[in-house]
1. Take the conditions out of contact with any Phe, Trp or Tyr (no Cβ under 8 Å at 6 or more places or on another chain), in a helix (DSSP H, G or I) and either surrounded by 17 or more Cβ atoms within 10 Å (Cβ to Cβ) or of a type in the set (K, R) (or both) and apply them to L34. Does it pass?
2. Would you please name the residue that is least open to solvent (accessible area, probe 1.4 Å), looking only at residues in the range 167-188 that are touching a Leu at 6+ places or on another chain (Cβ under 6 Å) and over 30 Å from A237 (Cβ atoms)?
3. Taking R57, is it at pLDDT 95 or above, surrounded by fewer than 19 Cβ atoms within 10 Å (Cβ to Cβ) and out of contact with any helix residue (DSSP H, G or I) (no Cβ under 8 Å at 6 or more places or on another chain)?
4. Only one of (1) over 25 Å from A153 (Cα atoms); (2) in contact (Cβ under 8 Å) with a residue 12 or more places away in the chain; (3) surrounded by fewer than 18 Cβ atoms within 10 Å (Cβ to Cβ) fails for R48. Which number is that?
5. Filter the range 149-165 for residues that are over 23 Å from V178 (Cα atoms) and part of a loop (DSSP other than H, G, I, E, B); which is farthest from the chain's Cα centre (by Cα)?
6. Of everything in the range 130-166, what is crowded, with 16+ Cβ neighbours inside 10 Å, among the polar types (S, T, N, Q) and within 17 Å of D115 (Cα to Cα)? Give them in sequence order.
7. Would you tally the residues in the range 189-212 being touching a Cys at 6+ places or on another chain (Cβ under 9 Å) and buried (at least 18 other Cβ atoms within 10 Å of the Cβ)?
8. Going through A205, A182, A191, A175 one at a time, which residue ends up being farther than 30 Å from A243 by Cα and either small (G, A, S) or under 18 Å from the mean Cα position of the chain (by Cα) (or both)?
Amino acid sequence: MSLVVTERAGNVAVVLLNRPEALNALSDELMDELVTQLQELDRDEGVRCIVLGGNERAFAAGADIGELAQASAIDLYYQRRVERWDAIRSLWTPLVAAVSGFCLGGGCELAMSCDLIVASETAQFGQPETGLGIIPGAGGTQRLTRAVGKALAMDVILSGRRLSADEALAAGLVARVVSREAWLEEAKRVAREIAEKGPVATRLAKESVDRAFETPLAAGLEAERRALYLAFASEDAREGLNAFVEKRRPDFKSR
């Protein structure tokens, strides 16, 4: 049985973690398969947005603790385990996390590697690694702090506090909260909205927003300006502007 299930609907791809008996614990095999699938979709010009989800009970409850317990520090270094999260973060295609139930540890870091999170009202976010004698190592201490601020990140990481969906929304970690029945459909709907926009502009906008978290303001503004000029030079920009003037739907070609 595949650990990752992929389906396509037009310009949107849906990728679901498929290890329900382990609450989608992120084993090396699952993460390898996930990265491979996402990178293949990222290279497909017909895919303009990707939804990444789990199941109703869990997005992902964390790393595979059994594997971690058997690994040495050198094993982790040579296997480049953590770099898999970086590979996901570096995708060009916008990535929407559809989160229901447990989203903990490496699972929370995986959701934060996406561009935005749509959460069920049942979602629980946390970084419980210190209870195991380790720390979040796939971006948890950095991305969570940038998303929710130092005080709340310290509480979650040091005490093991879990954030409800509404708390995560209020703190800025989550973009939207929906009913428990609608978590995946709402994520797909958001993805379809993204996929309708200009693909070149969407990718450049995604890069520019990321820069806001990674550079000083002046450098971010300069990068944004260059991205604007590049977007304006695209065929998609001509099509989008002309379509607006002509009162018709644009037909973007990713060029």
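1. Values: out of contact with any Phe, Trp or Tyr (no Cβ under 8 Å at 6 or more places or on another chain): yes; in a helix (DSSP H, G or I): yes; either surrounded by 17 or more Cβ atoms within 10 Å (Cβ to Cβ) or of a type in the set (K, R) (or both): yes.
Judged against the criteria, L34 is a match.
2. Just the residues of the range 167-188 that are touching a Leu at 6+ places or on another chain (Cβ under 6 Å), to begin with: 171, 175, 177.
Filter once more, so that each one left must be over 30 Å from A237 (Cβ atoms): 171, 177.
Details: A171: 28, V177: 43 Å².
Going through the qualifying residues, I end up with A171.
3. Details: at pLDDT 95 or above: yes; surrounded by fewer than 19 Cβ atoms within 10 Å (Cβ to Cβ): yes; out of contact with any helix residue (DSSP H, G or I) (no Cβ under 8 Å at 6 or more places or on another chain): no.
So R57 does not fit the description; no.
4. Condition not satisfied by R48: (3).
5. Among residues in the range 149-165 that are over 23 Å from V178 (Cα atoms) and part of a loop (DSSP other than H, G, I, E, B), the one farthest from the chain's Cα centre (by Cα) is G160.
6. Across the range 130-166, the qualifying residue is only T145.
7. Residues that pass the stated criteria total 5.
8. Values: A205 fails: farther than 30 Å from A243 by Cα; A191 fails: farther than 30 Å from A243 by Cα; A175 fails: farther than 30 Å from A243 by Cα.
After ruling out the rest, the residue left standing is A182.
The values are calculated or read from the model by the stated rules, or taken from the named source; none is laboratory data. Only a predicted model underlies this, so the values are computations on that prediction, with no experimental measurement involved. With ideal geometry, Cβ positions are generated from the backbone for all residues, glycine too; neighbour counts draw on all protein chains shown. SASA here: full protein model, heavy atoms, side chains in, ligands and nucleic acids out. Shrake-Rupley method; radii C 1.70, N 1.55, O 1.52, S 1.80 Å.
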